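Comments concern the structure below.
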Amino acid sequence: METETDLQHLRRALELAARGPAVDPNPRVGAVIVDAAGRVVGEGWHCGAGTPHAESMALAAAEGLARGGTAYVSLEPCRHTGRTPPCTRALIAAGIARVVFAQTDPNPLAAGGAAELRAAGLQVATALGAEAEAINEAWTFAVRHGRPRVIWKTATTLDGRSAAADGTSQWITSPEARAEVHRLRAACGAILVGTGTALADNPKLTVRGIEVTRQPLRVVLGERELPDDLATHPLLHLRHRDPARALAELHSRGVRQVLLEGGSTLATAFLRAGLVDRVVWHLAPTLLGAGPALGDFGVGTLADALPLTIESVHRAGPDLIATAAVRTT
Ligand code: AOF
Ligand code: ZN
């Protein structure tokens, strides 16, 4: 039975989990140790792959005061020997009487901790599973599907164009929208473009304007040669166009979320393979014409796109409706 106090300690474990790195091969995990008298005697969180698990950090902080107490953990304690020893054993050895955890571990290598703890005579309870899962959305997806989660980010004008007649495509959207792209990049382990985009735009594909401990891996997919001076940052060039293979390679490198950033050939290949999980669509209130939705009305280059002023945006059932003025009188 979980009490309000249990939920408070578990929420604190979730808070601690969020201190971990936002992008990492491993999940973000937090733990709180409360002694038999109800006092918090240790807190811990996971700082990234290869470092101690949250439970062992919290037990170390408790300095032997854990006996007869309760461990609150945001993820089911692991029972495997991976980069570190099993947390179930550490909890049992410390004399913990009860474990309350949030998310059930979806990782088949580590799962089964709850059953092992029960078998050892500890009380085990769970709560707040959905909240804990939200802290590790991409990791949970990647563990369940055996591949990174894929986000396709695209920017188009209101008439659905992503480049003008002369090929100019930088920048369709505003600096404000581009700042959002950096936030999205910061949440991904790898940024993927095709060789066409790499050659045409020479994009930096780095996170700028936000502090990150590690830049995402820049990945270019396709056989075409790339000049050396393109690699302003460590760049991984996969000389094939197989989305499933690319994701398998990235997954084995610890990437749990990938951002597809162009061009259309790359996005098409991923969609065709059924390997796009989420779309982030940036819509600029401009018209270019000379596309499938609107004929050529005289715009040749991006700088001459006809600007509109969005007056309202709303959802109508599954649709998105935007009303924009071409000219404000
Ligand atoms: C963590 N941190 O605090 C907990 C984890 O890579 P390893 O060997 O350290 O094992 C990672 C697995 O251990 C992870 O996928 C998850 O199933 C389990 N618990 N992992 O990185 C932690 N408690
Ligand atoms: Zn563990």
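Of the strands (runs of 3 or more DSSP E) that lie entirely inside segment 210-278, those containing 1 or more residues that are at pLDDT below 90 and touching a strand residue (DSSP E or B) at 6+ places or on another chain (Cβ under 7 Å) span 235-238.
Criterion applied to GLY129, GLY44, GLY69, GLY38 was being crowded, with 20+ Cβ neighbours inside 10 Å, in contact with a Ser or Thr (Cβ under 8 Å, 6 or more places away or on another chain) and touching a residue at least 24 places away in the same chain (Cβ under 8 Å), and the one residue passing it is GLY44. Of everything listed in (1) buried (at least 18 other Cβ atoms within 10 Å of the Cβ); (2) more than 13 Å from ligand 2 (Cβ to nearest atom), the single unmet condition for CYS87 is (2).
When segment 1-50 is filtered for residues that are of a type in the set (Lys, Arg) and within 26 Å of the chain's Cα centre (by Cα), the ones remaining, listed by number, are ARG11, ARG12, ARG19, ARG28. Selection of segment 99-138 for residues being among the β-branched types (Val, Ile, Thr) and assigned to a strand (DSSP E or B) yields VAL99, VAL100, VAL124, THR126. When GLY68 is tested against (1) touching a helix residue (DSSP H, G or I) at 6+ places or on another chain (Cβ under 6 Å); (2) more than 15 Å from ligand 1 (Cβ to nearest atom), just one condition goes unmet, and that condition is (1).
Here's the yes/no breakdown for (1) over 21 Å from TRP171 (Cβ atoms); (2) free of Cβ contacts under 8 Å to residues at least 12 places away in the same chain:
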site	(1), (2)
ASP229	yes, yes
LEU236	yes, no
ARG241	yes, no
ALA248	yes, no
ALA269	yes, no
GLY274	yes, yes
ARG278	yes, no
TRP281	no, no
VAL299	no, no
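Quick grid of which residues meet (1) closer than 20 Å to GLY274 by Cα; (2) aliphatic (A, V, I, L, M); (3) outside any loop (DSSP other than H, G, I, E, B):
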site	(1), (2), (3)
VAL150	yes, yes, yes
ALA155	no, yes, yes
THR168	no, no, no
ALA179	no, yes, yes
CYS188	yes, no, no
ILE191	yes, yes, yes
VAL207	no, yes, no
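The values are calculated or read from the model by the stated rules, or taken from the named source; none is laboratory data. This is a predicted model, so every value here is computed, not measured. Counting neighbours? That spans all protein chains shown, and the Cβs are built from the backbone with ideal geometry, glycine included.
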